[in-house]
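Below is one structure, written out as structure tokens; the observations come after it.
The values are calculated or read from the model by the stated rules, or taken from the named source; none is laboratory data. The structure presented is a predicted model; accordingly, all values stated were derived computationally and were not measured. As a convention, Cβ positions derive from the backbone with ideal geometry for all residues, glycine included, and neighbour counts pool all protein chains shown. Ligands, DNA and RNA are excluded from the accessible area calculation, which covers all protein heavy atoms including side chains. Shrake-Rupley method; radii C 1.70, N 1.55, O 1.52, S 1.80 Å.
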Amino acid sequence: MRGDIVLEGVSKTYEGKPVLRDLSLRFEEGKVTAIMGPSGLGKTTLLKILLGLESCEGSVTGMEGRRPAVVFQESRLLPWLSLKQNLELVCGPGKDREIADALALMELTDAADKKPAELSGGMQRRGALARAIAYGGDILVLDEPFTGLDEDLKERIAGKLSRQWRESGQTVLFVTHDSTEAKAYADTIVKLNEGGSL
Amino acid sequence: MNQPTGEKRIGKKLAAVLLWLVFWQLGSMAFGRSFVLPSPVFTCKALLQLMAQPLFWRSCGITLLRVAAGLALASLLGFLGAWAAAISSWMREILSVPASVIKSVPVMSVILIALLCLSGSIVPTFVCFLMCFPVMYTNILQGFDSVPAEYRELAQVYRISDAKYFGRIMVPASMGYIRAGLLLSCGLAWKSTVAAEVLSSPRVSMGYHLLSAKMYLDGPSLFAWTVGIVLLSMLFEKAVRLALRRW
Ligand SMILES: Nc1ncnc2c1ncn2[C@@H]1O[C@H](COP(=O)(O)OP(=O)(O)O)[C@@H](O)[C@H]1O
Ligand SMILES: [Mg+2]
């Protein structure tokens with residue numbers, strides 16, 4: 001079993017503008033954590049720091065050697081590939097089963113051969129989720145994964161997902177600005193405030 | 001925007017071509033002497049006569065091959081060069097020198113220098129390659145440089161290998177630039193190949209016939225060859241466009 005992910009005294013400044021200030025946090029292994037806070041506070045920045053895509057001051061431990069599956073705030077599906085090919089690109093060969101399952105879970109089986117431009121915004125969002133799920137990393141890092149889905153679908157899909165996560169003890173970090181969403185699907189909620197956490 | 005589509009557009013295009021043919025006819029009538037500015041009818045007759053000769057088709061074929069070989073080589077090396085420049089800042093600096101120098105060297109200098117150093121029949125292909133290379137290189141590199149950082153991050157977090165990133169993300173993401181480079185190069189390839197043929201005069205080439213028509217003051221034939229080159233070059237570009245559509 002891996003350890004928790006621990007941030008100590010993490011600060012980040014963009015061009016002289018502080019975004020995160022002396023942030024200390026612990027994300028528990030095997031738990032679903034929601035990161036909450038209004039827009040522009042540095043939630044995406046925090047995820048990027050965890051993923052090693054942004055540098056920071058302070059220390060981050062517990063991410064070394066992990067295989068994260070990521071949903072970025074934008075869907076980032078490659079427009080020249082079909083949805084299924086997008087999943088295959090990150091999964092590599094021999095993952096047909098996982099890909100089919102992930103597409104079915106996200107109710108996208110019929111859209112597998114469509115290009116992203118032929119999909120609605122919500123379908124693209126689910127496509128990005130399907131890609132992360134099919135990849136099957138040991139930590140799921142999701143930046144506002146359910147934005148753009150209509151209520152019914154969001155409840156159905158997020159419900160299915162959170163049940164799976166609980167059963168399998170998957171470590172999940174997801175960003176949201178919706179407190180109902182956070183309460184419904186997370187074990188722990190971390191609220192980001194101006195330059196710190198609660 | 002003023003871009004009609006379909007039948008209407010073809011109709012307009014035909015009318016425009018017809019209009020310019022009328023201008024051409026009037027111009028040739030004003031000159032009066034057919035070897036200075038032969039009329040379209042005259043030129044067309046001369047072209048038909050040429051087309052009856054096997055030599056015409058052989059010349060077209062050989063020149064076409066030279067253009068295709070020069071352009072293919074320029075595309076290949078432009079692509080490899082851009083790849084190297086995208087990976088290494090040293091390669092970028094090293095390649096930027098010839099790429100920008102060649103761009104401003106007159107075609108004629110290139111041809112004359114090539115004639116000094118190379119044997120006659122490969123000069124046109126070489127010149128074509130040299131003129132198209134900077135265009136291909138610059139366009140492809142610009143394409144590689146414009147790949148969004150979002151894709152780089154995606155590849156990084158999902159541990160996509162460098163080779164796969166290049167082939168499945170970088171190249172397809174740059175396709176618009178590669179296509180633009182190729183289409184720009186098509187016209188350039190024809191002009192530079194034929195110019196080099198005129199000066200190096202290989203026996204079977206469109207450029208050679210252009211030159212001999214001029215020497216014999218055979219205006220209609222000169223025009224006929226020119227029209228042949230223009231038509232072939234347009235067809236070639238169409239074919240490249242069509243081939244690129246599959247991407
Ligand atoms: N690459 C960047 N360069 C400069 N400023 C940035 C950059 N990325 C984010 N920021 C700024 O950092 C702040 C936090 O952004 P972000 O992490 O995206 O917030 P959130 O995800 O909570 O909405 C914002 O004010 C944003 O403008
Ligand atoms: Mg954000």
(message) Given the criteria touching a helix residue (DSSP H, G or I) at 6+ places or on another chain (Cβ under 9 Å) and within 16 Å of ligand 1 (Cβ to nearest atom), does A:SER75 qualify?
(response) yes
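For every residue, the table says whether it meets (1) part of a loop (DSSP other than H, G, I, E, B); (2) under 30 Å from B:LEU182 (Cα atoms).
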position: B:MET29; (1), (2): no, no
position: B:PRO38; (1), (2): yes, no
position: B:PHE42; (1), (2): no, no
position: B:ALA46; (1), (2): no, no
position: B:GLN49; (1), (2): no, no
position: B:SER59; (1), (2): no, yes
position: B:LEU64; (1), (2): no, yes
position: B:ALA68; (1), (2): no, yes
(message) Being open to solvent by 70 Å² or more (accessible area, probe 1.4 Å), more than 16 Å from ligand 1 (Cβ to nearest atom), in the same structural domain as A:ARG126 (by TED's automatic domain parsing) and at pLDDT 90 or above: is that true of A:LYS31 here?
(response) no
(request) Six or more apart or on different chains, Cβ under 9 Å: which pairs go from a residue in the stretch A:43-68 that's away from every other protein chain (no Cβ under 14 Å) to one that's more than 16 Å from ligand 1 (Cβ to nearest atom) and among the aliphatic types (A, V, I, L, M)? Could you list them? (result) A:SER59/A:VAL6; A:VAL60/A:ILE5; A:VAL60/A:VAL6; A:THR61/A:ILE5; A:THR61/A:VAL6; A:GLY62/A:ILE5; A:GLY62/A:VAL6
(message) Restricting to the stretch A:139-158, and then to whatever is away from ligand 2 (no atom under 16 Å from the Cβ) and within 14 Å of another protein chain (Cβ to nearest Cβ), can you tell me which residue is surrounded by the most Cβ atoms within 10 Å (Cβ to Cβ)?
(response) A:LEU140
(message) If A:GLY136 satisfies all but one of (1) away from ligand 1 (no atom under 15 Å from the Cβ); (2) buried (at least 20 other Cβ atoms within 10 Å of the Cβ), what's the number of the condition it fails?
(response) (2)
(request) For B:GLY61, indicate whether it is open to solvent by less than 100 Å² (accessible area, probe 1.4 Å) and either in contact with a Leu (Cβ under 9 Å, 6 or more places away or on another chain) or at pLDDT below 90 (or both). (result) no
(request) For the stretch A:96-108, state whether one or more residues are open to solvent by less than 20 Å² (accessible area, probe 1.4 Å), facing chain B (nearest Cβ under 10 Å) and either under 25 Å from B:MET170 (Cβ atoms) or not charged (D, E, K, R) (or both). (result) no
(message) When you scan the stretch A:34-55, do you find a residue that is farther than 27 Å from B:ARG152 by Cβ, assigned by TED's automatic domain parsing to the domain that holds A:ASP178 and more than 12 Å from ligand 1 (Cβ to nearest atom), even just one?
(response) yes
(request) Could you please find all residues in the stretch A:96-120 being free of Cβ contacts under 8 Å to residues at least 40 places away in the same chain and among the charged types (D, E, K, R)? (result) A:ASP96, A:ARG97, A:GLU98, A:ASP101, A:ASP110, A:ASP113, A:LYS114, A:LYS115, A:GLU118
(request) Go through A:LYS12, A:LYS48 for me and flag whichever is under 15 Å from the mean Cα position of the chain (by Cα) and within 14 Å of ligand 2 (Cβ to nearest atom). (result) A:LYS48
(message) Filter the stretch B:160-202 down to the residues that are aromatic (Phe, Trp, Tyr) and over 30 Å from B:LEU116 (Cβ atoms) and list them by number.
(response) B:TYR165, B:PHE166, B:TYR177
(request) Of the numbered conditions (1) of a type outside the set (Asp, Glu); (2) open to solvent by 20 Å² or more (accessible area, probe 1.4 Å); (3) within 14 Å of chain B (Cβ to nearest Cβ); (4) in contact with a helix residue (DSSP H, G or I) (Cβ under 6 Å, 6 or more places away or on another chain), A:LEU87 fails exactly one; give the number of that condition. (result) (2)
(request) Name every residue in the stretch A:54-79 that is surrounded by 16 or more Cβ atoms within 10 Å (Cβ to Cβ), more than 16 Å from ligand 2 (Cβ to nearest atom) and modelled with pLDDT of 95 or more, in order of residue number. (result) A:PRO68, A:ALA69, A:LEU77, A:LEU78
(message) Cβ-Cβ under 6 Å, sequence separation 6+ or interchain: first residue in the stretch A:175-190 and open to solvent by 10 Å² or more (accessible area, probe 1.4 Å), partner more than 15 Å from ligand 1 (Cβ to nearest atom) and part of a helix (DSSP H, G or I). Which pairs?
(response) A:TYR185/A:ALA158; A:TYR185/A:SER162
(message) Restricting to the stretch A:69-83, give me the number of residues that are within 14 Å of chain B (Cβ to nearest Cβ) and either more than 17 Å from the chain's Cα centre (by Cα) or of a type outside the set (A, V, I, L, M, F, W, C) (or both).
(response) 9
(message) All but one of (1) under 30 Å from A:LEU53 (Cβ atoms); (2) within 16 Å of the chain's Cα centre (by Cα) hold for B:ASP162; state the number of the condition that does not hold.
(response) (2)
(request) Residue by residue through the stretch B:153-176, note down the ones that are more than 7 Å from every other protein chain (Cβ to nearest Cβ) and closer than 22 Å to B:TYR137 by Cβ. (result) B:ASP162, B:ALA163, B:TYR165, B:PHE166, B:GLY167, B:MET170, B:VAL171, B:ALA173, B:SER174, B:MET175, B:GLY176
